[in-house]
Amino acid sequence: MSLESKSIFQMEKEIADLRELLRSKEQELRVLKECEGSKTHLSVEKLSKDDIERFSRQIIIPSIGVKGQQLMKGASVLIVGAGGLGCPAAQYLTGSGIGHIGLVDYDEVDRSNLHRQLLHSQENIGVSKVSSAAEALRRLNSNVRISEHSLQLDSSNALNIVQQYDVVIDATDNVATRYLLNDACVISGKPLVSGSALRLEGQLTVYNHHQGPCYRCIFPKPPPPETVTNCGDGGVLGAVPGVIGVLQALEAIKIVLGWTGVLSGQLLLFSGEQSTFRNIRLRAKNPSCDVCGDHPLITKLIDYEQFCGAKATDKESGLSLLKQEQRVSPETLHRSFICKNEGIVIDVRDSEEFNMCALPNSINIPLKKLEEVTTIQKIKEILDSRKKNEENFPVYVLCRRGNDSQRAVLKLEQSLGNENVAVCDLEGGLHAWARAIDSSFPIY
Amino acid sequence: MSQQQGLEITLEFGGGAELLFGNLKKHQVTLPACEGKWTIRSLLTWMKDNLLKERPELFIQGETVRPGILVLVNDADWELLGQLDYEIEAKDNILFISTLHGG
């Protein structure tokens, strides 16, 4: 067994080293090709033998033709977000022969991305998403120029990047970046192909195209942060952003080709559950819009995290609602609850999450249910049967990351005020538990 | 003209707004007969009292919907139809869609 696992380990290391070597050779080749390309720069938009053989199936569509393919070869598209929307969008744009693709993302590939972000392979966990996606795209078509912007888009760099491209694709995952990108596109006069997806639904529209409305015309005020759900909390079925991302590529191609029929002033709603597409008529451009109106108030980029009251990522930041004595470490919980069988553990995640993985003997009561009188009654019954006459009987509350558990402690302290219990939360949640106590526990 | 009988309409929810309405995406409702005409303004009040299951502040703020919810009447943005003052007609389909931001 140990011999076998050692040789597996060695093989994996050898393969990783070979991949690294392959990567550096590919980089060398790319530099060589770029030098060669710059010498024969005149032929950039003329179709090569490779182009004709590769793109013949779309060139023979009468509305595309050689002219259309040349337009695509000369065009540049910026894709912001190399995730569930950005991966399929980039894949189809690269395949179609758009000459220059820019990728923006600050994040690294995580195992939880792989079910929907199909440009990233499992070997690339921990690698920057931009270089992981660029690698896959170059394998698809090494003639396409891929520019890697491995950074967090913000007010200081957005205009400079956006200005280098003809069309921009919003494949981001948060409200602040969506407003930032909208304003940057309005100020630079670029059309913005905006997509989003969550659970089994997707939405798609094109902003700032041919006098159509911009994001702010439709949504002058950002949504309250507590109403915004991200994919990490709400979940998403991989094929759903797949559908929307592919449609974003299609809209970008139509814009490059100068076609009418672009989804501007309309919103496409996709239901993966019902297999329906619904096309909604949106309002016209608002003449008093703060950014694209006749007398704009926003003429340079602002602080979008402040404007939205939310971070420009889809990662939840740590809450701090409790005093230190109301929180326990994974080690303390382990000693008390697991080893000494003290107290009870209430897991406040949704039942779907609880069913995936949970601590043994923990009780699942989703946060929302803590408002209900019957739930509190049930907890009191459990306490009656367990605690006898103990003083300060421990009630441990936990969740995934240690945010909802704090909210739950505050609620429980009110409703269990007379029960002689000590309500605490597990600091850092099950993530901290997995790191400190049980490495076989999934971190999701 | 006052409406003698109730007004039958379809209410639909999407993008997560359905979670506040018993997780049901489509509701066939009959608005009770009233003096004057039903508008989206009076519909919102009626929905708050009769249909909203939880956390009304995540749907309604003041007399209108919260930022980030689009109201669509028969597949058109309510801004094109007079917003809160739109007079509802029988068989109207009114869709409340919460915008998505994930990707």
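The values are calculated or read from the model by the stated rules, or taken from the named source; none is laboratory data. Quick caveat: nothing in here was measured; it's all calculated off a predicted structure. Cβ sites come from the backbone with ideal geometry, for glycine too, and all protein chains shown count toward neighbours. To get the accessible areas, we keep the full protein, side chains included, count just its heavy atoms, and leave off ligands, DNA and RNA. Shrake-Rupley method; radii C 1.70, N 1.55, O 1.52, S 1.80 Å.
Label separation (A:Thr332 vs A:Ser439): 2.6 nm, computed from points 7 Å beyond Cα along the C-beta direction. For chain A, adding -39500 (n - 2.57) for each run of n ≥ 4 DSSP H residues and dividing by the number of residues yields -12000 deg cm²/dmol at 222 nm.
Cα centroid separation, the stretch A:202-227 to the stretch A:281-351: 21 Å. Surface calculation, 1.4 Å probe, protein heavy atoms: A:Phe55 sits at approximately 10 Å² accessible.
Using the Stokes-Einstein relation with a Kirkwood hydrodynamic radius computed over Cα pairs, the translational diffusion coefficient of the stretch A:231-290 at 37 °C and a viscosity of 0.692 mPa s comes to 238 µm²/s. Computed over neighbours whose Cβ is under 9 Å from that of A:Arg349, the net charge equals -4, Lys and Arg +1, Asp and Glu -1. Among the residues of B:89-101, the average count of other protein chain beta-carbon atoms within 10 Å of the residue beta-carbon is 5. Think of chain A as a dipole: +1 on every Lys or Arg Cβ, -1 on every Asp or Glu Cβ, centred on the Cα centre; then among A:Val421, A:Asn182, A:Gly318, A:Asn182 lies furthest on the positive end. Per residue, the stretch B:7-98 exposes 45 Å² of accessible surface when a 1.4 Å probe is rolled over the protein heavy atoms with every protein chain present. Between B:Trp46 and A:Val66, what is the label-to-label distance in nm when each label sits 7 Å out along the Cα-to-Cβ direction? Between B:Trp46 and A:Val66, the label points sit 6.4 nm apart. Could you tell me which of A:Gln274, A:Thr299, A:Asn160 has its Cα farthest along the dipole of the stretch A:75-308 towards the positive end, charges placed at Cβ (Lys, Arg +1; Asp, Glu -1), taken about the Cα centre? Ranked along the dipole, the leading option is A:Gln274. Got a sec? Charge dipole of the protein assembly as shown, +1 on Cβ for Lys and Arg, -1 for Asp and Glu; which of A:Phe337, A:Val228, B:Thr30 is way out at the positive end? It is A:Val228, whose Cα lies furthest towards the positive end. Keeping the other protein chains in place, figure out the carbon and sulfur percent of the accessible area of the stretch B:45-100, with a 1.4 Å probe. The computed percentage sits at 45.
For chain B, what's the relative contact order in percent, using C-alpha pairs closer than 8 Å and at least 6 residues apart?
Working: 172 pairs, mean separation 38.6, N = 103.
For chain B, the relative contact order is 37 percent.
Provide, for q = 0.11, 0.13, 0.17, 0.20 Å⁻¹, the log10 of I(q)/I(0) from a solvent-free Debye sum over equal Cα point scatterers in the stretch B:7-98. Scattering profile of the stretch B:7-98, log10 relative to I(0): -0.26, -0.37, -0.66, -0.95.
Here the Kirkwood formula, the inverse mean of 1/r across different C-alpha pairs, assigns the stretch A:324-437 a hydrodynamic radius of 13.9 Å. A simple packing score, the average count of other Cβ atoms within 10 Å per residue, orders the peptides B:21-33, A:170-182 as A:170-182, B:21-33, with the highest score first. When you count the other C-beta atoms within 10 angstrom of each residue and take the mean per peptide, A:106-118, A:152-164 line up highest first as A:106-118, A:152-164. Our summary gives the stretch A:186-251 a relative contact order of 43 percent, counting only alpha carbon pairs under 8 angstrom and 6 or more residues apart. Averaging the Cα positions of each part gives two centres, and for the stretch A:102-168 and the stretch B:11-87 these lie 40 Å apart.
For chain A, a crude dipole built from +1 on the beta carbon of Lys and Arg and -1 on the beta carbon of Asp and Glu, taken about the Cα centre, is about 1160 debye to the nearest 20.
Against chain A, whose longest principal axis comes from its Cα atoms, helix A:404-415 is set at around 30 degrees. Only Cα pairs under 8 Å and 6+ residues apart enter the sum, and on that basis the relative contact order of chain A stands at 11 percent. Relative to the Cα centre, the charge distribution of the stretch A:69-146, modelled as +1 at Lys and Arg Cβ and -1 at Asp and Glu Cβ, gives a dipole magnitude of about 300 debye.
Going from the isolated chain to the complete set of protein chains, the stretch A:193-231 loses at least 50 Å² of heavy-atom accessible area (1.4 Å probe) at A:Glu201, A:Gln203, A:Phe219, A:Thr227.
Quick one: go through the stretch A:102-132 and flag any residue whose amide nitrogen is under 15 Å from the point 7 Å out along the Cα-to-Cβ line of A:Ile15. Counting only backbone N, you get A:121-125.
Seen from A:Val328, the other residues with C-beta closer than 14 Å to its C-beta sum to a net charge of -1, counting Lys and Arg as +1 and Asp and Glu as -1. Ranked from largest, the principal axis spans of the Cα set of the stretch A:75-168 equal 33, 30, 17 Å. The distance between label points at B:Lys53 and A:Leu22 comes to 5.0 nm (points 7 Å beyond Cα on the Cα→Cβ vector). Measure nothing fancy, just the Cα-based angle from helix A:49-59's long axis to the longest principal axis of chain A, in degrees from 0 to 90, nearest 10. Roughly 70 degrees, rounded to the nearest 10.
The magnitude of the dipole of chain B, with charges of +1 and -1 set on the Cβ of Lys/Arg and Asp/Glu and taken from the Cα centre, is near 320 debye. In terms of overall dimensions, the protein assembly as shown has a Cα radius of gyration and Dmax of 27.1, 88 angstrom. Taking other residues whose beta carbon is less than 10 angstrom from the beta carbon of A:Thr172, and scoring Lys, Arg as +1 and Asp, Glu as -1, yields -3.
What the pair-distance distribution of the stretch A:226-380 shows, using all Cα-Cα distances binned every 10 Å from zero, is 7, 18, 28, 20, 15, 10, 3, 0 percent. Here B:Lys25 is the anchor, and the lysines within straight C-alpha reach of less than 23 Å, apart from those fewer than 8 places off in the same chain, are A:Lys368, A:Lys369, B:Lys48, B:Lys53, B:Lys91. With a 1.4 Å probe rolled over the protein heavy atoms of all chains, the accessible area of B:Trp46, A:Trp259 falls in the order A:Trp259, B:Trp46, largest first. Taking Cα atoms only, the orientation of helix B:40-50 departs from the longest principal axis of chain B by about 70 degrees.
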